[in-house]
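The values are calculated or read from the model by the stated rules, or taken from the named source; none is laboratory data. Fair warning: this is a prediction, and the values are worked out from it, not measured in the lab. Virtual Cβ from ideal backbone geometry, glycine too; neighbours counted across all protein chains shown. Areas reflect the complete protein model, heavy atoms only, side chains present, ligands, DNA and RNA absent. Shrake-Rupley method; radii C 1.70, N 1.55, O 1.52, S 1.80 Å.
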Amino acid sequence: MIGAPPPTPAVPLLTELTAYAEHEPALERRLWARPVVPEHDTEFVWAWMQRPHVAEFWEMAWPRDWIGDYLRGQVADPARSPFLGFVDERAVGYLEVYDPHRDVLGAHAPVLPGDLGAHVLIGSEEDLGRHSVALGRAVVRMLFRRPGVLRIVGEPDVRNENFLSLLAFLGFRKHSEIDLPDKRAAFMVCERPDFERLASRRRQVTR
């Protein structure tokens, strides 16, 4: 049983490590990401993992030490890259980028050359509605900047209807449903031309 979630601690910005940044005109905010640094970020990610809306689908409401070991493993794995996402000077999300060919997903879904996988969470409930679309677009743009990436793929729990709706709005389509060791998942795919066409159309509408 998960009790009241702990308060989210402060996290150092470490802006010198910035891996991606953009200005979001609709929000008048700077959206940016940096790699996770476990010695600075474990407490922060641990607090997020205790929050009910995160724990329901990530199932990682673990002790702090376990989260620290998990993050160190992510950093050390050449097939994975963990990031923190920020709005201005406030951390709002956690992102894991991974090679789906070297992940459990590759054994259960038809991944292709040029695919890149991502797991995303938004840590605070108040940001789910306020920043989720802008952050989602920024994440997809960030990932498509990587050379050779043709599709972004993911495997959210089929019960996570809010997240699936967000992905559809961003240009993802549900390729199929698959059985992973820990869940029934929707294999979601976003192709670069579809995302760019949709993003271009929405920029024209909002100008």
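What to note about this one:
- The H on the amide N of Arg29, modeled in the peptide plane, is under 5 Å from the matching H of Glu24, each at least 5 residues off or on a different chain.
- Helix-only arithmetic for the chain: the sum of -39500 (n - 2.57) across DSSP H runs with n ≥ 4, divided by the residue total, places the mean residue ellipticity at 222 nm at -11000 deg cm²/dmol.
- The charge dipole of the chain, taken about its Cα centre with unit charges on the Cβ of Lys, Arg, Asp and Glu (plus for the first two, minus for the last two), comes to roughly 960 debye.
- Taking a sphere under 14 Å around the Cβ of Leu71 and counting the other residues whose Cβ falls inside, with K and R at +1 and D and E at -1, yields a net charge of -3.
- DSSP bridge pairs, the chain: antiparallel proportion in percent, nearest 5: 90 percent
- Amide H contacts under 5 Å for Phe187, placed H, 5+ residues apart: His175, Ser176, Glu177, Ile178
- 3J(HN,Hα) from dihedral phi, region 114-127, Karplus parametrisation 6.51/-1.76/1.60, rounded to Hz, x for glycine, proline: x, 7, 9, x, 8, 10, 9, 9, 10, x, 10, 4, 5, 8
- Mean Kyte hydropathy of -1.0 or more with a Cα span along the axis of at least 15 Å, helices from DSSP in the chain: 38-49, 64-76, 132-144
- Which labelled figure in [x] 16.7; [y] 22.2; [z] 17.6 is Kirkwood radius over Cα pairs in Å, once derived from the coordinates: [z]
- Note, ³J(HN,Hα) from phi for region 18-30, Karplus 6.51, -1.76, 1.60, rounded to Hz, x at Gly and Pro: 3, 9, 7, 8, 8, 9, 9, x, 5, 8, 6, 9, 9
- Accessible area, probe 1.4 Å, largest first, for residues His40, His131: His40, His131
- Counting 0.36 nm for each residue step from Asp179 to Arg72 and taking away their Cα separation leaves a gain of 35.8 nm.
- Accessible solvent surface per residue of the chain, calculated while the other protein chains remain in place, 1.4 angstrom probe, Å²: 51 Å²
- Rounded to the nearest whole Hz, the Karplus-based 3J(HN,Hα) values (6.51 cos²θ - 1.76 cosθ + 1.60, θ = phi - 60°) of region 88-104 follow the sequence 6, 9, 10, 6, 10, x, 10, 10, 10, 9, 8, 7, x, 6, 10, 10, 4, with x at glycine and proline.
- Just the protein heavy atoms count here, and of the accessible area of the chain at 1.4 Å, carbon and sulfur take up 54 percent.
- Think of the chain as having a plus end and a minus end, set by charges on the Cβ of Lys, Arg, Asp and Glu; of Ala134, Ala47, Leu121, Ala134 sits farthest toward the positive end of this dipole.
- Gain on full extension, evaluated as 0.36 nm per residue between Asp88 and Leu14 minus their Cα-Cα distance, stands at 25.4 nm.
- Dipole check for region 72-164: with +1 at the C-beta of Lys and Arg, -1 at the C-beta of Asp and Glu, and the Cα centre as origin, the magnitude is about 360 Debye.
- Note: relative contact order over the chain, using C-alpha pairs below 8 Å and six or more positions apart, is 14 percent.
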